[in-house]
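The values are calculated or read from the model by the stated rules, or taken from the named source; none is laboratory data. The structure presented is a predicted model; accordingly, all values stated were derived computationally and were not measured. Please note: Cβ atoms are built from the backbone with ideal geometry, for glycine as well, and neighbour counts cover all protein chains shown.
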Amino acid sequence: MILNRISILTYKNIEQADQTFSPKLNCFFGQNGMGKTNLLDAIYYLSFCKSAGNPIDSQNMMHSADFFMIQGEYATDDGRPEEVFCGMKRKQKKQFKRNKKEYHRLSDHIGLIPLVMVSPDDSILILGGSEERRRFMDVVISQYDKEYLESLIRYNKALAQRNTLLKKEEAADDEMLAIWEEMMAQEGEVVFHKREAFIQEFIPIFQQFYSFISEEKEEVSLRYESHARGASLKEVLVQSREKDRIVGFSLHGIHKDDLEMELGGFPLKREGSQGQNKTYLIALKLAQFDFLRRIGTVPLLLLDDIFDKLDARRVEQIVKLVGGDRFGQIFITDTNRENLDRILEKTQVDYSLFSVTDGVVTPINTCGYEKN
């Protein structure tokens, strides 16, 4: 998938932008707080129907505005045009349209424009709670498996209903709890098996990327943990019912799944340096990209200020990777123009370069290279 053009009105600090892009490499430079990340976030929004940084839509409008609009013109891998529009007025429901036809459900849009974003906020995957690592799995699998997304939505609805019953001051009715537990078990088993199948296929791809970037200096592993492994999820929920009544929420289920991240056989959170953690995260996201590419449409790749905390050798290895044929259209931001110039010099691909100042995006130059 290629994003040929984007139009933005009053989204965050971008009052107006209308830009066309290179089908390969697009680089944006400017100081922190100027709007580089906001531009990438607008691209992200068109794929996932929400901001990567702020899920409250009204807070993504420019403060002085009463609406925001984002529109993207794409080309599929076989050259077909796709137009995606999102608009929202303050205190009204947002609209999402594909080729001028409005979606009835936003979930129907997920997966049309696969996208992988790497940003400084990804550190929460290592340092944050298990919900962040579950979200990582959900974002990947939902982009290629509609059944997974539907089961996850139904599971979360059943979980919310069960928790509502558990929070009541009077004893929750066992028959009502059993209804929601049955639904949680049924949908949860689907989610569990799809997560497990994904992780088993994903791990060797991830390890290959980490090994390349680190030049085989470290070994990493990734392990999926779930209450559904080796047990009936329904039995687990029933057995936990009394404890859940006491605490007022569901202690067990696939909403507690986690990914154990290790470096050299030890927890990454405890053992990893800043550079190793950054390498781990970038390898995870590049593996996510490669996984999606293998099973369907080539995703867009957004790299937001990713080179901080990395030594020159690891930066060079990453540049070698993203400049290769396996990656499609890439968007990179950096505060340092010299970093981007070095990247452009080494990759030798078509590119467009932009400066971003106070929300204003200005093209600098465009260059095309012919491969021998």
Report those strands (runs of 3 or more DSSP E) wholly inside region 28-100 carrying at least 1 residues which are more than 23 Å from the chain's Cα centre (by Cα) and closer than 16 Å to Ser7 by Cβ.
-> 67-75, 81-89
Residue list for region 227-264, restricted to those being assigned to a helix (DSSP H, G or I) and polar (S, T, N, Q) = Gln239
Answer with yes or no whether Ser119 is under 16 Å from Tyr44 (Cα atoms) and either outside the structural domain of Thr333 (by TED's automatic domain parsing) or surrounded by fewer than 15 Cβ atoms within 10 Å (Cβ to Cβ) (or both).
-> yes
Residues satisfying the stated conditions in region 293-307, i.e. more than 12 Å from the chain's Cα centre (by Cα) and aliphatic (A, V, I, L, M) | Ile295, Val298, Ile306
Assess whether Glu132 counts as being surrounded by fewer than 17 Cβ atoms within 10 Å (Cβ to Cβ), in a helix (DSSP H, G or I) and not aromatic (Phe, Trp, Tyr).
-> no
Taking the stated definitions as given, is Val349 more than 23 Å from Leu125 (Cβ to Cβ), outside any strand (DSSP E or B) and aliphatic (A, V, I, L, M)?
-> yes
Matching residues in region 346-371 (closer than 16 Å to Leu25 by Cβ, acidic (Asp, Glu) and modelled with pLDDT of 90 or more) number 0
With Ile318, Ile343 as the choices, which residue is at pLDDT below 75 and either in the same structural domain as Phe212 (by TED's automatic domain parsing) or not in a strand (DSSP E or B) (or both)?
-> Ile343
Within region 252-277, residues of a type in the set (D, E, K, R) and either surrounded by fewer than 20 Cβ atoms within 10 Å (Cβ to Cβ) or modelled with pLDDT under 90 (or both) come out as Lys256, Asp258, Glu260, Glu262, Lys269, Arg270, Glu271
Taking Ile124 as meeting all but one of (1) touching a helix residue (DSSP H, G or I) at 6+ places or on another chain (Cβ under 6 Å); (2) modelled with pLDDT of 95 or more; (3) among the hydrophobic types (A, V, I, L, M, F, W, C), write down the number of the exception.
-> (2)
Can you tell me which residue within region 12-27, out of those that are in a loop (DSSP other than H, G, I, E, B) and not basic (Lys, Arg), is surrounded by the fewest Cβ atoms within 10 Å (Cβ to Cβ)?
-> Pro23
